[in-house]
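A quick write-up on the structure given underneath.
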Amino acid sequence: MKVDKITSPVWADRGHTTINCIVKFSDAETECVFTASADDPESYGREIFEACIRGDAGPVGEYRANDDMAVEEARRMKNAEINAWRDAMEASGYVFEHRGRKWD
């Protein structure tokens, strides 16, 4: 595959073994997110990784662990919201009927 353009490289892991970037392939209409590594099974993946290391796409941004933590924090907050709703529904004495049976 022929690569037209590589932009926005950033390390995808703490060990600096993979790089996330935006790639425009010549046979594609739009750019796509691509994860490249030195041991990529495809030659173009290895070439993209090397181009990023050389700085052809600009400096490689540092890995941001906060993104992972933000997702985990959002999950915890949503679980707390669901649990609070469930507790409120159970405490309210709300009764609903399904197939002739009443549930509370």
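Computed values, structure above
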quantity: Positive dipole terminus of the range 3-54, leading residue within Val10, Phe25, Ala51 (C-beta point charges); calculated: Val10
quantity: Nitroxide proxy distance, nm - points 7 Å out along Cα→Cβ at Glu42 and Phe96; calculated: 4.6
quantity: Fewest-first sequence of Thr35, Thr17, Thr30 by Cβ atoms within 10 Å of each Cβ; calculated: Thr30, Thr17, Thr35
quantity: Within the chain: Cβ-based charge dipole about Cα centre, in debye rounded to nearest 20 (Lys, Arg +1; Asp, Glu -1); calculated: 420
quantity: Rounded tilt (10° steps) of 66-92 against the dominant C-alpha axis of the chain; calculated: 10
quantity: Nearest-ten-degree value, helix 43-54 long axis tilted from longest Cα axis of the chain; calculated: 80
quantity: For the range 3-54, size of Cβ-based charge dipole, Lys and Arg +1, Asp and Glu -1, in debye; calculated: 260
quantity: Under 20 Å from Lys5, Cα to Cα: lysines that are on another chain or at least 8 residues apart; calculated: Lys24
quantity: Ellipsoid semi-axes in whole angstrom, largest first, where each is sqrt(5λ) of the Cα gyration tensor of the chain; calculated: 49, 18, 11
quantity: Qualifying chymotrypsin sites (Phe, Trp or Tyr not before Pro) in the chain, DSSP loop, other Cβ atoms within 10 Å at most 16; calculated: Tyr94
quantity: Helical mean residue ellipticity (222 nm; -39500 (n - 2.57) per DSSP H run of 4+; nearest 500) of the chain; calculated: -13000 deg cm²/dmol
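Just so you know, all these numbers are worked out from the coordinates, no wet-lab data involved. Bear in mind the structure is a predicted one, so any value in this text is a computation, not a measurement. Heads up, the Cβs are rebuilt from the backbone with ideal geometry, glycines too, and the neighbour counts pull from every protein chain shown.
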